[in-house]
Amino acid sequence: MPMLIKGARIIDPGNLDAVQDVLIVKGRIEAIQPPDTIAAEGEGIRLVDARGLWLTPGLIDMHVHFREPGQEYKETILTGSSAAAAGGFTAVCTMPNTVPVNDDAAVTALIVKKAAEAGLVRVFPVAAISKGLKGEQLSEFGELQDAGAVGVTDDGLPVMNGQLMRRALEYASGFGLRVISHCEDLDLADGGVMNEGPRATRLGLAGIPNACESVMVMRDIALSKVTGVPVHIAHVSTAESVAAIRRAKQDGIAVTAETAPHYFTLTDEAVEGYNTHAKMNPPLRSMADRQAVRDGLADGTLDVIATDHAPHCPDEKEVEFDRAANGIIGLETSLALGLQLVRDGVLAIDTLIERMSCAPARIMGFTCGLRPGRPADITLIDPLKEWTADACNLKSKSRNTPFDGWRLVGKAVMTVVGGKVVYGDDMFTGLLDIK
Amino acid sequence: MALAKKDILDLASLSAEEIRLILDTADNMREISDRPIKKVPTLRGKTVVLFFYEPSTRTKLSFDIAAKRLSADSLSISTSMSSLVKGETLLDTARNLQAMKPDVLVLRHGCSGAPYFLAQHLKAAVINAGDGTHAHPSQGLLDMLTIRQNKGRLQGLRVAIIGDIAHSRVARSNCEGLSKMGADVVLAGPPTMIPRGIEEMGVSVAGSVDSAVEGADVIMMLRIQKERQKKFLMSTEREYARCFGLNARRVARAKPDVVIMHPGPVNRGVEIAPEVADGPYSLILDQVTNGVAVRMALLYLVSGGGRHADAD
């Protein structure tokens, strides 16, 4: 059934920022026109009054862990997709550290199939660089791509072997697969569990120095230069990494990068009291690093905001800090934390939307942007909606978020994927195309 | 005055006044151990569980003796006999212990922060008997008691702590406690073993062991572990002894009435020369004696006791 969304402020980065009406027919954008100029009366048309709301290209999270196959007790492709939709995301890229690892076309195919069954958001599997994430042998990039993989990474683990990373870049370039790098020198990490510094010293927790990340960022930049193949740096957390990427971009090296909402929102202060919901890899850093990450997002050094959505069950977090699993869920709080950057004057609103939609699309080779004829992947945002993040009331199967109980402002109120309403908040519940 | 705290988790969360109360109480307790019948009925009917996830001889024995001298029922669980080996989580273990209604739980654990985690889930008082590299409050207190007993004060003393500061919960608790009580704490050791930002605990770092012990009232040596070689934190034990160990020549740089301390167990000939460990200025055994008194004071105070009548 066609849908006419009326009166929203259309924010399509680099293209349009104006109040217009949007007509969706047969899953595609039919028209974007000034208010009340689309003649679409008649039966069988769904009218959506979106005055006061923002309408943006569907948000894309290029870094999530959906845990299926193998760890369905943490998250499934269905529950993860549901969390994504509720967070305003129309597409996600899933990391390969499932059980078994997504290093085999059969696993990729399973993910694609489960995502289709879920029928909510677009799920793009990213496959493993190395078999079993062991850093010993290249995966079958060609077969993985045929099965639906859009990129490769050993995320969760670094590619410690520089020669393997070089060859992965070269090999991937032949297939046009994006290489995503989890930058961590395991020797420098040395079993650390939080940011190195005075706080780690006082808490008696083993520290992870900034150099643990930045030396690998610098290595991958050098490998990108030597091969001429683009590399994308995952979850940037340190000032030194931001500086290295900025410099590399100035030098014309094809490096892109992402950071996560927790790195521009929190610091290692959140670890106080041995809070395991503040334990992730890379760790929360200092205030100076947080500022550098914000600056990097502002000037485009960091292209993308991605959540590194990492669900874990309470049994894996309600343990000794040293033994707690790394990572937090992020899909349902990402947009609101991003909007705080807009209120803090760090990003213009269209820049925020770009970092959360068109930038990841550009890096991963997806189309993005609101144009007639394209699939209707759109997010409707209430920028003023005040709400409280309640870990027990999220769509994700897991609750491991440090933002539990936070008062947040701004929320996706409707998420449309290919013309299908996959999430509707409050007043839009009635429009849902799913059960 | 009574201690207004359920748990003793670290010295950072105790005020100078509370530390003084604990030390004064321990001073009073010390005498009980000198009696022919070393037992008072103060904690009769209280259950003290000694829960040691890490091997420990001295600290466990010290807490056990302290509990028994106060007539508490003490029992100990060690890793090898606990459900841990069967894969039970700390949380489940805590819940099961709680169900048996102990009054005090004394926890030694290899993970920093583990006692905080237990304290949140237990009604019983939790006393940290050493967690990871974070804190060892009863050791810090017994060290302060020992210094105060010998020097009559803590305020204004120069205390040099030498060794592997990075991996030492004893060092951290002493840094917290001694600086809070007005002592001037100076640290030294191989730079690989000085953790980043330790100065923010109100202590200073000396460039060498020689300069750290210069004019010191107290020298506290830390145990060095041979495993640190594998982590590239030190070269050989031989070189460690030569460059960072305490010998008579270095002791001579300190004040004439300097006292030498060590939390034990001592690696003779590595961090401390035998003649220093056994020398007249060594308080190593006084520390052990005071350990029992401090732990009696802690058990007593977390059980709701005020000034102790039996001991006065």
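The values are calculated or read from the model by the stated rules, or taken from the named source; none is laboratory data. All values reported here derive from a predicted model rather than from experimental measurement. A quick note on method: Cβ atoms are made from the backbone with ideal geometry, for glycine too, and the neighbour counts reach across all protein chains shown.
Screening A:ILE29, A:ILE38, A:ILE10 for residues that are among the β-branched types (Val, Ile, Thr), surrounded by fewer than 23 Cβ atoms within 10 Å (Cβ to Cβ), without any contact (Cβ under 8 Å) to a residue 40 or more places away in the chain and more than 21 Å from A:LEU331 (Cβ to Cβ) leaves exactly one candidate, A:ILE38.
The helices (runs of 4 or more DSSP H) located wholly in region A:305-356 that include 1 or more residues which are within 14 Å of chain B (Cβ to nearest Cβ) occupy A:314-317.
The residues of region B:263-283 that are of a type in the set (Gly, Ala, Ser) and part of a loop (DSSP other than H, G, I, E, B), listed by number, are B:GLY264, B:GLY269, B:ALA273, B:GLY279.
When B:SER74, B:SER62 are checked against the criterion of being part of a strand (DSSP E or B) and either touching a helix residue (DSSP H, G or I) at 6+ places or on another chain (Cβ under 9 Å) or surrounded by fewer than 16 Cβ atoms within 10 Å (Cβ to Cβ) (or both), a single residue qualifies: B:SER74. Taking the criterion of being among the small types (Gly, Ala, Ser) and more than 14 Å from chain A (Cβ to nearest Cβ), no residue of region B:190-203 qualifies. Scanning region B:165-183 for residues that are assigned to a loop (DSSP other than H, G, I, E, B) and more than 13 Å from chain A (Cβ to nearest Cβ) gives B:MET181, B:GLY182, B:ALA183.
Taking the conditions (1) part of a helix (DSSP H, G or I); (2) without any contact (Cβ under 8 Å) to a residue 40 or more places away in the chain; (3) not hydroxyl-bearing (Ser, Thr, Tyr) in turn, A:GLY273 satisfies each one other than (1). Considering region B:108-133, the residues that are within 11 Å of another protein chain (Cβ to nearest Cβ) and among the aliphatic types (A, V, I, L, M) include one that is nearest to B:LEU3 (Cα to Cα), namely B:ALA119.
Is it true that A:ALA412 is assigned to a helix (DSSP H, G or I), crowded, with 22+ Cβ neighbours inside 10 Å and modelled with pLDDT of 95 or more? It is false that A:ALA412 is assigned to a helix (DSSP H, G or I), crowded, with 22+ Cβ neighbours inside 10 Å and modelled with pLDDT of 95 or more. In region A:141-257, counting only strands (runs of 3 or more DSSP E) that sit wholly within it, none holds 3 or more residues that are more than 14 Å from chain B (Cβ to nearest Cβ) and at pLDDT below 95. The residue that is modelled with the lowest pLDDT, counting only those in region B:24-54 that are in contact with a helix residue (DSSP H, G or I) (Cβ under 8 Å, 6 or more places away or on another chain) and farther than 18 Å from B:ARG69 by Cβ, is B:TYR53. When residues in region A:247-265 are screened for being within 17 Å of A:ASN210 (Cα to Cα) and either among the hydroxyl-bearing types (Ser, Thr, Tyr) or out of contact with any helix residue (DSSP H, G or I) (no Cβ under 7 Å at 6 or more places or on another chain) (or both), 5 of them pass. Given the criteria within 29 Å of A:LEU203 (Cα to Cα), hydroxyl-bearing (Ser, Thr, Tyr) and loosely packed, with under 14 Cβ neighbours inside 10 Å, does B:THR89 qualify? So B:THR89 fails the test.
For the condition surrounded by 22 or more Cβ atoms within 10 Å (Cβ to Cβ) and of a type in the set (A, V, I, L, M, F, W, C), what is the one hit in A:VAL107, A:VAL99, A:VAL112?
Matching residue, one of A:VAL107, A:VAL99, A:VAL112: A:VAL107.
Checking every residue in region B:205-218 against the condition of being touching a residue at least 60 places away in the same chain (Cβ under 8 Å) and buried (at least 22 other Cβ atoms within 10 Å of the Cβ) gives at least one match. Apart from one condition, B:HIS136 fits all of (1) under 26 Å from B:GLY189 (Cα atoms); (2) away from every other protein chain (no Cβ under 13 Å); (3) not charged (D, E, K, R); the exception is (2). Here is a check on your reading of the model: is B:ILE161 closer than 21 Å to A:ALA200 by Cβ and either of a type in the set (Val, Ile, Thr) or surrounded by fewer than 24 Cβ atoms within 10 Å (Cβ to Cβ) (or both)? Yes, satisfied. Candidates B:GLY197, B:GLY189, B:GLY269: the one that is more than 26 Å from B:ALA16 (Cα to Cα) and free of Cβ contacts under 8 Å to residues at least 40 places away in the same chain is B:GLY269. The C-beta contact set for region A:52-75 (first residue closer than 20 Å to A:PRO13 by Cβ and in a loop (DSSP other than H, G, I, E, B), second residue modelled with pLDDT of 95 or more and not hydroxyl-bearing (Ser, Thr, Tyr), distance under 6 angstrom, 6+ apart or interchain) comprises A:LEU53/A:ALA8; A:LEU53/A:LEU380; A:LEU53/A:ASP382; A:GLY58/A:ASP377; A:GLY58/A:ILE378. Scanning region B:134-147 turns up no residue that is over 17 Å from B:LEU298 (Cα atoms) and surrounded by fewer than 24 Cβ atoms within 10 Å (Cβ to Cβ). Among the residues of region B:184-199, the ones that are buried (at least 22 other Cβ atoms within 10 Å of the Cβ) and part of a loop (DSSP other than H, G, I, E, B) come to 2 in all.
Residues considered: B:VAL288, B:VAL251. Of these, the only one that is closer than 27 Å to B:VAL40 by Cβ and surrounded by fewer than 23 Cβ atoms within 10 Å (Cβ to Cβ) is B:VAL288. With respect to the conditions (1) surrounded by 14 or more Cβ atoms within 10 Å (Cβ to Cβ); (2) touching a helix residue (DSSP H, G or I) at 6+ places or on another chain (Cβ under 9 Å), A:ASP49 falls short on a single one, namely (1).
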